[in-house]
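One structure is given here, and the rest of the page talks about it.
The values are calculated or read from the model by the stated rules, or taken from the named source; none is laboratory data. This one's a predicted model, so the numbers in the text were calculated from it and none came from an experiment. So basically every Cβ, Gly included, is an ideal-geometry build from the backbone, and we count neighbours across all protein chains shown. What goes into the accessible areas is simple: the full protein's heavy atoms, side chains included, and nothing from ligands, DNA or RNA. Shrake-Rupley method; radii C 1.70, N 1.55, O 1.52, S 1.80 Å.
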Amino acid sequence: MSTYIKYLRLYLHQPDGGKQAIGYLSQYGEILRMSFDEAYINDPDRPTLSLSYQGADDAATRAILQATRDARVVHTDGRWPVYFQNLLPEGHNRERLAQERHCAPDEEFELLAAAGHDLMGAIEVEPMPQHQGIPDVVRHWHTAMGLDVLEPGFVEFPVEDAAAIPGVVDKFSAVLDGRRYVVRKKGEAGSFILKLPSTRHPDLVANEFTGFRLCGALQLDCAPASVISRADADLPEAVPFDQILAVKRFDRAPDGRRVHMEEFAQVLGYAPKNKYGKGIDVDYTTMLRVLNTLSTRPVQDVREFIGRFVAFILMGNTDAHLKNWALVYPDGRLPQLAPLYDPVCVSAFFHGLPAGQYAVNRKIDETLRAFGWPQLEALLRQAGVPRVSNQLRIARTLVRQAQAEWPALLVDGPDSVRMEITERLKGAVALTA
């Protein structure tokens, strides 16, 4: 094994605008590790990186942060621990980032280093000067494992305009310069996500924007979104589409400060490939428990979660996986449910396609169509949500509201979306019974 070790300094930006160094990310051969600073480990008021690094009490949390073999801090397969895997993009976005870095799409250390100045949440990573030598907290772990670490390896600084936005849909991180959305940010972290349609789904922007409008009509907490033209955006490559969806990032404050967030895939410890989790009855129960016990506004967040779930059933959003639900940390320590994003009527894509395409989403849709009031009540009770009967009453009101208000909004949406959701509102899903 090579005796060179590459490492990055990990920072968490704070609500006051400063940033705190909390540890190092390192690679030694196929070993990728997170090594937390002693000061961060021993600080009972430490800013939160992820709930997945928190134990039942502070002693248990410290044990996780200073663990030697815990999979949450070290992997030996060439991939990051799951929390950091979920920071990286997928599909074409990943390939584009790899091209910008001149590395392979599976070189996860280099991908994270490339986008280190524009990552999800309040995280920032960058290399340290080689002349400073290997940090003790990094060297000591490797030598304790019997690994011969002699010299630091060279790591390039982040690519200036690169960003890592999780997900498969082609997207860019941008800033608003006057009235123009600019991807060449000159090192600045993006405050908008620009989402493009695809040749397979040219109406994807119109589909998702309709979803935002439908959820907004139910007074759900949505990330601000608008449809812009290709001429309004300065993209680094030519695209054959005129419409782009511009979504305001809720992990950026109005003044540009970074607000920490994490997806529920990170909270629950799922790798991106396992983002569909173990099923609604398991994962949604856990998510509701997290909101009910840890959120700074549990009543509001539990109600919002239920409202979104009902809306997603009615609109055929079969892609509300664990990377499309998130927590946000306004004070840097305590979580709240993040605004709604990615409200796509995926079931509208099924029509005219062979049954083998969208197999996972079709299976989820079978579950959603059959998910009725008894199942919702059982889910809420299993999650320990208070005042279940009141929650069900509010949910029923939302269904009636959707049936009354959505048809007028669907007129402006794609035909496939209008037909699919109209069918569901008229009784094709159990919640309308």
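About its Cα centre, what dipole magnitude does the chain give when the only charges are +1 on Lys and Arg Cβ and -1 on Asp and Glu Cβ, stated in debye to the nearest 20? Before the final figure, lay out the partial values.
Values: 48 positive and 55 negative charges, 277 e Å.
In debye, rounded to 20, the chain gives about 1320.
Each eigenvalue of the Cα gyration tensor of segment 221-329, multiplied by 5 and square-rooted, gives one semi-axis; in descending order these are 29, 18, 15 Å. Ranked from largest to smallest solvent-accessible area, with a 1.4 Å probe on the protein heavy atoms, THR367, THR199 come out as THR199, THR367. Gyration tensor over the Cα atoms of segment 349-433: the corresponding equivalent ellipsoid has semi-axes (square roots of 5 times the eigenvalues, largest first) of 27, 19, 9 Å. Overall shape of segment 289-372 was characterised from the C-alpha gyration tensor. The equivalent ellipsoid obtained from it has semi-axes of 30, 13, 10 Å, in decreasing order.
Across segment 80-225, the mean sequence separation of Cα contacts (distance under 8 Å, 6 or more residues apart), normalised by length, yields a relative contact order of 22 percent.
Residues LYS171, LYS363, LYS273, sorted by accessible area with the largest first, give LYS273, LYS363, LYS171 [1.4 Å probe; ligands and nucleic acids excluded]. Think of segment 131-270 as a dipole: +1 on every Lys or Arg Cβ, -1 on every Asp or Glu Cβ, centred on the Cα centre; then among GLY190, PRO166, VAL247, VAL247 lies furthest on the positive end.
Pick from LYS323, LYS186, LYS19 the residue whose mean-square fluctuation is largest in a GNM of the chain, springs joining Cα atoms under 10 Å. Highest fluctuation among the options: LYS186. Using Cβ point charges alone (K and R +1, D and E -1), the dipole size of segment 21-108 about the Cα centre works out to roughly 80 debye. Note on segment 178-241: the C-alpha convex hull projects to 5.4 nm² when averaged across all orientations.
Would you mind giving the average projected area, over all directions, of the Cα convex hull of segment 12-65 in nm² with one decimal? The partial results should precede the final answer.
On the way: hull surface 17.4 nm².
So the mean shadow area of the Cα hull is 4.3 nm².
Using C-alpha pairs under 8 Å with a sequence gap of at least 6, the mean separation divided by the residue count of the chain gives a relative contact order of 15 percent. If you fit an axis through the alpha-carbon atoms of helix 388-410 and take the longest principal axis of the Cα set of the chain, what angle between them do you get, 0 to 90°, nearest 10? Here the helix axis deviates by roughly 70 degrees.
In segment 53-111, how does Rg compare with the Kirkwood Rh, expressed as the Rg/Rh ratio over alpha carbon atoms? Show your work: numbers first, answer last.
Details: Rg = 14.7 Å, Rh = 13.0 Å.
Ratio value, two decimals: 1.13.
Between helix 359-370 and the chain there is an angle of about 50 degrees, using the helix long axis and the longest principal axis of the Cα atoms.
Our Cα-only numbers for segment 59-159 put the radius of gyration and Dmax at 14.9, 43 Å.
With respect to the cross-link table entries LYS186/LYS273; LYS186/LYS248; LYS171/LYS278; LYS171/LYS426; LYS19/LYS278; LYS248/LYS275, which display a Cα-Cα separation exceeding 30 Å? Intermediate values should be presented prior to the final figure.
Details: LYS186/LYS273 32 Å; LYS186/LYS248 19 Å; LYS171/LYS278 28 Å; LYS171/LYS426 34 Å; LYS19/LYS278 36 Å; LYS248/LYS275 23 Å.
Beyond 30 Å between Cα atoms: LYS186/LYS273; LYS171/LYS426; LYS19/LYS278.
In the chain, the calculated helix contribution to ellipticity at 222 nm averages -10500 deg cm²/dmol per residue, counting -39,500 (n - 2.57) for every DSSP H run with n ≥ 4. Measuring nothing but alpha carbons in segment 1-93 and taking Rh as the Kirkwood radius, the Rg to Rh ratio lands at 0.98.
Rolling a 1.4 Å probe over the protein heavy atoms of segment 7-63, with every protein chain left in place, gives an accessible area that is 46 percent carbon and sulfur.
Only the Cβ atoms of Lys and Arg (+1) and of Asp and Glu (-1) were treated as charged; on that basis the dipole of segment 64-132 about its Cα centre amounts to roughly 180 debye.
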